[in-house]
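In what follows, a single structure is set out as structure tokens and then discussed.
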Number of protein chains: 2
Amino acid sequence: MTLLYGVDPRTGERLEPGVPETSPETVAALGVAAAKAARPLAELPLPDRAALLEAVADALEAAADELVPLADAETALGATRLSGEVERTTGQLRLLAGEARGEGFQQDVAEPGFVRALLPIGPVAVYAASNFPFAFSVAGGDTASAWAAGCPVIVKAHPGHPRTSARTAEIVTEALAKAGAPEGTFAIVHGFDAGMALINDPNIRAAGFTGSVRGGRALFDAAASRPDPIPFYGELGSINPVFVTEAAVAARGEEIARGYVGSFTLGSGQFCTKPGLLFLPAGHGLEPVLSAAVAAVAAPALLTPQITDGFRTGVERLAGATRTVAEGAGAHLFAVSAEEFAARPELTEECFGPASVIVEYSSEEELRAAVAAVPGSLTATVHAEPSDAGLARGLVAELARHVGRIVYNGWPTGVAVNRSMQHGGPWPATTAPLHTSVGTAAIRRFQVPVAFQGLPDDLLPPTVR
Amino acid sequence: MTLLYGVDPRTGERLEPGVPETSPETVAALGVAAAKAARPLAELPLPDRAALLEAVADALEAAADELVPLADAETALGATRLSGEVERTTGQLRLLAGEARGEGFQQDVAEPGFVRALLPIGPVAVYAASNFPFAFSVAGGDTASAWAAGCPVIVKAHPGHPRTSARTAEIVTEALAKAGAPEGTFAIVHGFDAGMALINDPNIRAAGFTGSVRGGRALFDAAASRPDPIPFYGELGSINPVFVTEAAVAARGEEIARGYVGSFTLGSGQFCTKPGLLFLPAGHGLEPVLSAAVAAVAAPALLTPQITDGFRTGVERLAGATRTVAEGAGAHLFAVSAEEFAARPELTEECFGPASVIVEYSSEEELRAAVAAVPGSLTATVHAEPSDAGLARGLVAELARHVGRIVYNGWPTGVAVNRSMQHGGPWPATTAPLHTSVGTAAIRRFQVPVAFQGLPDDLLPPTVR
């Protein structure tokens with residue numbers, strides 16, 4: 001039996017004990033169990049379904065003191081951030097539970113002779129993320145939204161935090177059993193091969209993923225190549241550009257500069273919404289402020305050895321292609337002209353970690369051209385003033401064709417979990433631009449519409465009546 | 001320049017004049033034009049966008065006397081059916097126009113500081129169907145729903161009716177120009193290579209398709225293999241099983257038998273909702289009625305030489321695997337026991353044309369097992385009586401996991417175009433089980449959510465405010 005080990009990012013040392021890799025045979029057996037659970041779970045009265053999510057939330061909350069140190073050892077994200085993340089995770093579970101309990105959940109439209117309902121798609125595979133060991137992991141947003149839709153879930157744990165994942169899974173399994181969930185409502189698998197077996201498992205009907213473009217593309221390709229292709233909701237890479245107008249620099253340039261450094265170094269730049277590009281008017285004069293802010297950032301311990309290596313390579317790539325504005329122990333800031341930027345499409349590739357690139361534009365035309373060339377992103381941000389509302393309006397209109405969320409005079413890091421969030425966007429931000437992986441609309445990814453034509457009310461599924 | 005020709009299904013003769021095949025260079029140029037049209041089309045005030053669909057509906061209505069004979073020559077569907085289909089097509093355009101004009105169209109959810117809007121995804125490729133030369137073709141449901149979403153459309157004409165498609169496209173182009181549509185809002189391409197170039201065109205952001213499993217899979221694979229994968233909404237093959245309880249046979253067996261033959265031979269069995277399987281209790285005694293009904297069906301002229309060949313092969317396959325119940329000039333009816341059926345999964349493959357298979361079950365257990373094994377289908381139908389409501393309820397609950405629409409005591413052919421229709425289902429019925437290609441919800445396939453965070457109202461796109 002192969003054991004998988006986490007690594008302490010602060011020391012580089014292997015963390016004992018290891019977690020057993022899941023065999024393909026076990027993955028297949030878990031798929032069968034999930035398929036068996038699908039109908040009883042779908043037919044649970046909706047308040048009972050919601051209660052399952054709440055039971056998991058309660059159990060995670062009660063175990064926070066045990067889970068946070070486990071996760072900190074594997075991720076070095078720190079107790080404060082990780083405690084907040086447990087709260088976010090339990091908050092998500094409760095928000096989605098409330099949605100499932102709400103009036104008319106699952107009922108889409110009805111008219112004489114017809115009812116259109118939104119029913120669970122079936123067993124869902126969830127590929128956990130490195131950078132959110134709770135909120136985008138075992139009982140994170142993908143899992144919570146699949147459960148809220150009424151789907152059994154099999155999680156592929158992220159190799160960056162195997163012990164946190166395994167322990168969270170034990171807590172989840174126990175909470176679900178106590179709350180009366182059908183057996184097979186939840187399972188976890190570990191290991192690369194188990195992840196590939198899972199995406200190809202005939203009982204899996206959809207998958208959610210948060211991670212790199214490379215990993216996400218490999219799983220997307222597998223999902224699309226099945227004899228029966230299944231929906232694959234992948235959240236991959238995003239450059240999250242920020243556009244600052246001249247009027248905004250004049251009104252509050254220093255505040256913007258400090259806010260930008262704070263945003264791109266938050267969580268050591270390991271957020272999918274990290275701003276990777278800042279468009280400033282040439283002659284902005286903000287380099288002293290930017291440099292000071294960068295110098296004040298503490299040295300990061302990045303999540304995994306792979307991420308550390310990737311970041312080093314990314315910084316070398318950027319350093320070779322741009323001018324270095326500021327380099328500190330904890331952050332790297334580069335700059336190019338808009339002209340140079342237009343000639344180097346590779347500058348729009350995400351560099352995961354605390355690095356970012358300033359693009360200096362010399363005219364509104366250059367700014368507009370840069371906006372029109374934005375690759376698919378989760379977010380774009382505009383900093384402007386009432387005096388240049390016309391320009392801002394034009395930027396927003398164009399950006400709405402390239403990104404899932406537009407932030408005005410704020411920062412993209414920090415994603416609200418609410419009913420109107422869109423955490424998604426065109427490729428390469430996601431593999432499914434119609435959907436979000438954050439907020440209540442995330443449930444919709446795992447619901448299929450079914451029209452009932454001419455059925456007397458007592459023949460409709462009870463959750464639809 | 002290669003010319004493409006339709007074939008008169010009644011005579012097998014080639015129809016002059018031919019329609020020029022579209023070169024890959026032209027496809028690329030049309031993609032660029034569609035991309036240029038995307039933003040002005042998205043920014044048209046919604047009433048003006050709706051007016052475009054209505055202008056096309058008016059123009060098609062005015063041209064019906066010209067279009068119907070053209071289509072009849074290429075498809076042999078008959079003037080009555082084709083006139084009705086033009087009406088359905090104009091009705092769809094007007095229904096979707098009304099949706100786009102409706103209060104709150106494009107606005108999804110709003111809460112303090114956030115608005116989530118549903119904006120056009122960008123240029124859409126539409127692959128037209130053989131069996132609906134109007135309603136699922138040039139200005140059919142896919143095109144109408146993409147326009148309603150605010151997307152430019154490039155149609156790949158079906159080779160079965162090139163002249164009808166080309167003439168319809170001329171009428172559509174003229175109507176759009178007169179109504180003030182941005183140039184590039186619509187184009188048509190002809191030929192297999194043009195279709196493949198279109199799905200790979202970098203300016204195309206999504207595609208709709210109605211047709212065979214083979215053709216749909218090839219295009220789906222191409223869409224998924226792009227450097228930037230795009231959503232592909234394919235409606236492929238469906239077996240549409242019908243389940244009849246003992247009580248229903250006792251109460252109205254002959255009516256059901258006649259209704260079934262009527263449904264599977266309607267339009268010469270060339271509907272995607274044609275019932276391909278009828279589950280009857282063994283000893284039903286309906287063979288005389290079924291045989292008489294089959295004998296009364298007139299010989300069909302199937303849509304294309306390819307469909308005629310495919311039907312011949314399919315009938316031979318079924319004849320070799322089953323018992324022949326009735327064979328007429330215009331229809332073929334076969335039967336197997338539920339036990340034989342369970343051993344021959346190939347009997348669930350669609351045979352496009354007027355043929356169907358009766359499956360005789362000996363117990364409710366056999367019936368339930370057959371229902372649990374239903375492959376993904378657009379529809380399933382249950383015929384039952386109040387006396388066996390418990391059985392019917394169980395069948396409906398299971399079928400809701402396999403199909404997009406459940407019909408009670410009716411027939412699946414004849415698809416209502418309304419707000420609660422679901423014309424979709426799990427693979428192989430479609431490539432996108434979350435979506436419908438019929439009804440107002442079809443628009444949703446071409447809308448991407450965008451969240452606006454912290455934007456003052458006057459900076460929001462005007463169609464969102």
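State which entries of A:156/A:178; B:156/B:178; A:36/A:274; A:36/B:156 exceed 32 angstrom in Cα-Cα distance in the structure shown.
A:36/A:274; A:36/B:156
Summarise the partner chain shielding of A:97-103 as one whole number: the mean count of Cβ atoms from other chains within 10 Å of each residue's Cβ.
Counting other chains' Cβ atoms within 10 Å and averaging over A:97-103 gives 0.
How long is the gain from residue B:3 to residue B:364 if the chain were fully straight, where each residue apart is worth 0.36 nm and the alpha carbon distance is subtracted?
Once the chain is fully extended between residue B:3 and residue B:364, it gains 124.3 nm.
Could you check the simple spin-label distance between residue B:416 and residue A:295, using points 7 Å along Cα→Cβ, in nm with one decimal?
With each label placed 7 Å out from Cα toward Cβ, I get 7.2 nm.
Treating the angle as unsigned and between 0 and 90°, give the value, to the nearest 10°, between the Cα long axis of helix A:24-43 and the longest Cα principal axis of chain A.
Result, in degrees: 70.
I'd like the residues of segment A:432-465 whose 1.4 Å-probe accessible area shrinks by no less than 40 Å² going from the isolated chain to the full set of protein chains.
Buried on complex formation: A:433, A:434, A:449, A:450, A:451, A:453, A:455, A:459.
Would you work out the charge dipole size for the protein assembly as shown about its Cα centre, treating the Cβ of every Lys and Arg as +1 and the Cβ of every Asp and Glu as -1, and quote it to the nearest 20 debye?
The dipole magnitude comes to about 80 debye.
Pulled fully out, how much extra length does the chain show between residue B:221 and residue B:66, if you take 0.36 nm times their separation in residues and subtract their Cα-Cα distance?
Taking 0.36 nm per residue and subtracting the Cα distance, the gain is 52.0 nm.
Report, in debye and to the nearest 20, how large the dipole of segment A:241-408 comes out about its Cα centre when Lys and Arg carry +1 and Asp and Glu carry -1 on their Cβ.
460 debye
Go through B:51-63, A:147-159 and give me the packing order, highest mean Cβ count within 10 Å leading.
Highest to lowest by the protection proxy: A:147-159, B:51-63.
When Cβ neighbours within 10 Å are restricted to other protein chains, what is their mean count per residue of peptide A:386-397?
3
Within 10 Å of each Cβ of A:370-382, how many other protein chain Cβ atoms are there on average?
1
With solvent modelled as a 1.4 Å probe, how much accessible area in total do chains A and B shield from it at their shared surface, in Å² to the nearest 100?
Summing both sides, the interface buries roughly 5200 Å².
Counting Lys +1, Arg +1, Asp -1, Glu -1, what net charge surrounds residue A:372 among other residues with beta carbon under 13 Å of its beta carbon?
That works out to 0.
How would you rank B:361-372, A:8-19, highest first, on the average number of other Cβ atoms within 10 Å across their residues?
B:361-372, A:8-19
Taking a probe of 1.4 Å, how large is the accessible area per residue of the protein assembly as shown, in Å²?
Computed with neighbouring chains in place, this is 34 Å² per residue.
Between residue A:344 and residue B:103, what's the calculated FRET efficiency when r is the beta-carbon distance and R0 is 51 Å? Round to 0.05.
About 0.65, to the nearest 0.05.
If you build the convex hull over the alpha carbons only and average its shadow over all orientations, what do you get for chain B? Give it in nm² to one decimal.
With the hull built on Cα positions only, its mean projection is 22.9 nm².
Suppose you put the label 7 Å out from Cα in the Cβ direction; list, shortest first and in nm with one decimal, how far residue B:23 is from each other copy's label.
Computed spacing set for this position: 6.2 nm.
May I ask you to give the average projected area over all directions of the convex hull of the Cα atoms of segment B:358-435, in nm² rounded to one decimal?
About 5.8 nm², averaged over all directions.
Can you give the % of DSSP beta bridges in the protein assembly as shown that are antiparallel, to the nearest 5?
Just about 35 percent of them are antiparallel.
Positive end of the dipole of chain A, charges at C-beta (+1 Lys, Arg; -1 Asp, Glu), about the Cα centre: which of A:303, A:173, A:463 has its Cα farthest in that direction?
Toward the positive end, the furthest listed residue is A:463.
Among the DSSP beta bridges whose two residues both lie in segment A:95-173, what percent are antiparallel, rounded to the nearest 5?
Antiparallel bridges: around 50 percent, rounded to the nearest 5.
Only Lys, Arg, Asp and Glu count, each charged at its Cβ (+1, +1, -1, -1), so figure out the dipole size of segment A:45-192 about its Cα centre, rounded to 20 debye.
260 debye
Counting only protein heavy atoms, what percent of the accessible surface of segment B:332-465 is carbon or sulfur at a 1.4 Å probe?
Carbon and sulfur: 52 percent of the exposed surface of segment B:332-465.
Using the eigenvalues of the Cα gyration tensor, what equivalent ellipsoid semi-axes result for segment B:11-112 when each is taken as the square root of five times the eigenvalue, whole Å, largest first?
Here the semi-axes work out to 34, 22, 11 Å.
What share of all Cα pairs of segment A:241-408, in percent, falls into each consecutive 10 Å distance bin?
Bin by bin from 0 Å, the calculated values are 11, 42, 37, 9, 1.
Determine the equivalent ellipsoid of the protein assembly as shown by diagonalising the alpha-carbon gyration tensor, then write out the semi-axes as square roots of 5 times the eigenvalues, largest first, rounded to whole Å.
49, 35, 22
Between the helical axis of A:64-75 and the dominant principal axis of chain A, each derived from Cα atoms, what acute angle in degrees is found, rounded to the nearest 10?
Long axis of A:64-75 versus the principal axis of chain A: about 50 degrees.
Looking at chain A, what % of its DSSP beta bridges pair antiparallel, to the nearest 5?
35 percent
Please compute the modelled spin-label separation between residue A:389 and residue A:10, points set 7 Å along Cα→Cβ, answer in nm with one decimal.
5.1 nm
Identify the residue of chain A whose Cβ lies closest to the rotation axis that maps chain A onto chain B, and give that distance in whole Å.
A:224, 2
Given the peptides A:125-134, B:299-308, A:255-264, arrange them by the average over their residues of other C-beta atoms within 10 Å, most packed first.
Going from most to least packed, we get A:125-134, A:255-264, B:299-308.
The values are calculated or read from the model by the stated rules, or taken from the named source; none is laboratory data. Quick caveat, the model's predicted, so the values are computed rather than measured. When we count neighbours, we look across all protein chains shown, and the Cβ atoms used for this are built from the backbone with ideal geometry, even at glycine. We work out accessible area using only protein heavy atoms, side chains counted, and drop any ligands, DNA or RNA first. Shrake-Rupley method; radii C 1.70, N 1.55, O 1.52, S 1.80 Å.
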